[in-house]
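The values are calculated or read from the model by the stated rules, or taken from the named source; none is laboratory data. Computed from a prediction, not measured in an experiment: that's the story for all the values here. When we count neighbours, we look across all protein chains shown, and the Cβ atoms used for this are built from the backbone with ideal geometry, even at glycine. Protein only, heavy atoms only, side chains kept; ligands, DNA and RNA dropped before computing areas. Shrake-Rupley method; radii C 1.70, N 1.55, O 1.52, S 1.80 Å.
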Amino acid sequence: MFKIILFTFEQSLASVFIALLAGIPGAYFISRKNFLARKLLLSLSSIPLCIPALIAALGYISAFGLSGFYNKLLMNIFSLKEAPLKFLYSFMGICITQGFYNFPIIMKSTADLLSALDKSPEESAALLGAGQVRIFFTITLPRIIPAIIAGAVPVFIFCYFSFMIILMLGIPGTSTLETEIFFAARTHQPFSKVLLLCSVETLLAMAMIFIWTLTEKKGEINRENAFISRPLTRSRITKAELPFFTIYIVIIFLFFIIPFLSIPLNSLTGPNDKSLSLKYWSFVFNSRSFIPSLVNSIIQAGITAFLCLIPAIFFAFLTRTITSYQLQYVFKIIPLIPMAISSVATSVVILYILAKSPYQTSMLTLCFAQSFLYWPFAYKQIYSSAAKIPDEVIYSARLLSPGRLQFIREIFIPYTHRSIRGAFLFTFAISIGDASIPLVLAIPEYTSLSIFTYRLFGYRFPAACASSVLLGTICILLSLIALREEKES
């Protein structure tokens, strides 16, 4: 148990460290500098939320795998007989994949606070003769540490609960809590052992989420105390910053952009193909499982998204309208609880419960499991819109409305209808891209587009890339529409 916990924390912390190294410089350039690729770099912040971990793993295998883009390129240039890059299926490969996949989260949270901070202390220090490096480490960095931690904690939790990336890039003989729970259930080990693993994993995650809530609150205080007296103006990149900026952009391009671009490239070329071909796309479309997988995914994701809206609207309404500060705090804490429970642990507990009942797992079981885990995402989106309802409107509605239902119908829904639509689309996208819960539940005679993609990965990698392009396109389009709805709400 200690060895498993240690490895889980090691790979999570190492992944967070890489995400910090990639995220903090990006946050500085986005918030303080003007450059051509600024909007592109800023748009990367939505990728960890739009693209499922299954596709991220396929992307890094497409780029850094033994038959990946980089190895093919190096073997052709230097006439090598063996692939020179072999680090992917190792501890370092897991950490690089997870770190670069999640770095935009840290970049976004840090950039938001940097943009809100008053530059007067830095300007005063510069007038007194302090250099840029000294100013950053003595003035800027201490002020943005809450935002860095607030971004690092969810990245840690994502890496801590990482399943598909560990499963596809895993090192023989090592296991995280998440994969250990999965294998313990697959080998029908005693429920007491599985329950112990789930309990340890959940308690440790709850401790990290508690830290997250504290740092988020402190980050909000920092934003409130920013006291910006004039609009923040971004300057051009100086000659001294240009080499560092160039190196940074090259690293992001090599370790983040190329892996995702290599997926469609690999869908057109097999291991031994010398020219582009659509045969793997044809294989996907002609497969017997493709249409049933697509239909099942749409139905399942639609049911899940609808189920997510019910508790999300209910808790958003209560959190916004209840006057008691203590109750408001409780209602804000409740949506954080599912974030401390992993998808694998939830699925495994459901399996053990159903094993002693006459019912088998079904699509509806999958939908309930996903909605239990994903409704907090819908809540966060709806509450951000509900928080904009003026207090005067709420007080007047309490006096004039005969009941809460009329208030919800005539006030709450009109104010939040865009965010409700966005929450539906966003949870739909998360659900359709999820491969962990369907894989663990192993529903008889059921397949989804994500499971279809995962199965292709085992024996026909280019076809898996083609399928993942379709899956990723659906997830990205839905997530982008959801984000637009959130901004316009």
>> Quick check on region 370-379. Is at least one of its residues under 23 Å from residue 304 (Cβ atoms), in a helix (DSSP H, G or I), among the aromatic types (Phe, Trp, Tyr) and open to solvent by 90 Å² or more (accessible area, probe 1.4 Å)?
In response: no
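Condition check ((1) in contact (Cβ under 8 Å) with a residue 12 or more places away in the chain; (2) under 16 Å from residue 109 (Cβ atoms)) across all residues:
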| residue | (1), (2) |
| --- | --- |
| 6 | no, no |
| 10 | yes, no |
| 25 | yes, yes |
| 41 | yes, yes |
| 46 | yes, yes |
| 49 | yes, yes |
>> Just to be sure before I move on: is residue 121 free of Cβ contacts under 8 Å to residues at least 60 places away in the same chain, loosely packed, with under 15 Cβ neighbours inside 10 Å and assigned to a helix (DSSP H, G or I) in the structure I sent?
In response: yes
> In region 293-324, how many are within 18 Å of residue 439 (Cα to Cα) and either open to solvent by less than 40 Å² (accessible area, probe 1.4 Å) or at pLDDT below 95 (or both)?
Replying inline: 6
> Going by the conditions given, is residue 67 small (Gly, Ala, Ser), part of a loop (DSSP other than H, G, I, E, B) and over 30 Å from residue 144 (Cα atoms)?
Replying inline: yes
> In region 262-288, which residues are within 28 Å of the chain's Cα centre (by Cα) and either of a type outside the set (A, V, I, L, M) or crowded, with 19+ Cβ neighbours inside 10 Å (or both)?
Replying inline: 262, 263, 264, 266, 267, 281, 284
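For every residue, the table says whether it meets (1) under 30 Å from residue 186 (Cα atoms); (2) among the small types (Gly, Ala, Ser).
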{"site": "375", "(1), (2)": "yes, no"}
{"site": "390", "(1), (2)": "no, no"}
{"site": "394", "(1), (2)": "no, no"}
{"site": "412", "(1), (2)": "no, no"}
{"site": "422", "(1), (2)": "no, yes"}
> Any chance region 12-19 includes a residue that's assigned to a helix (DSSP H, G or I), open to solvent by less than 10 Å² (accessible area, probe 1.4 Å) and without any contact (Cβ under 8 Å) to a residue 24 or more places away in the chain?
Replying inline: no
> So which residues in region 49-61 are part of a helix (DSSP H, G or I), open to solvent by less than 20 Å² (accessible area, probe 1.4 Å) and either aromatic (Phe, Trp, Tyr) or over 14 Å from residue 96 (Cβ atoms) (or both), if there are any at all?
Replying inline: 50, 54, 55, 58, 60
> Looking at this structure, is residue 105 over 18 Å from residue 12 (Cα atoms), crowded, with 21+ Cβ neighbours inside 10 Å, among the hydrophobic types (A, V, I, L, M, F, W, C) and in contact with a Gly (Cβ under 8 Å, 6 or more places away or on another chain)?
Replying inline: no
>> Looking at the structure I just gave you, is residue 22 modelled with pLDDT of 95 or more, in a helix (DSSP H, G or I) and of a type in the set (A, V, I, L, M, F, W, C)?
In response: yes
> residue 83 passes all but one of (1) open to solvent by 10 Å² or more (accessible area, probe 1.4 Å); (2) part of a helix (DSSP H, G or I); (3) farther than 28 Å from residue 477 by Cβ; (4) not aromatic (Phe, Trp, Tyr); which number fails?
Replying inline: (2)
> Just wondering, is there one or more residues in region 223-230 that are assigned to a loop (DSSP other than H, G, I, E, B), at pLDDT 80 or above, open to solvent by 20 Å² or more (accessible area, probe 1.4 Å) and not basic (Lys, Arg)?
Replying inline: no
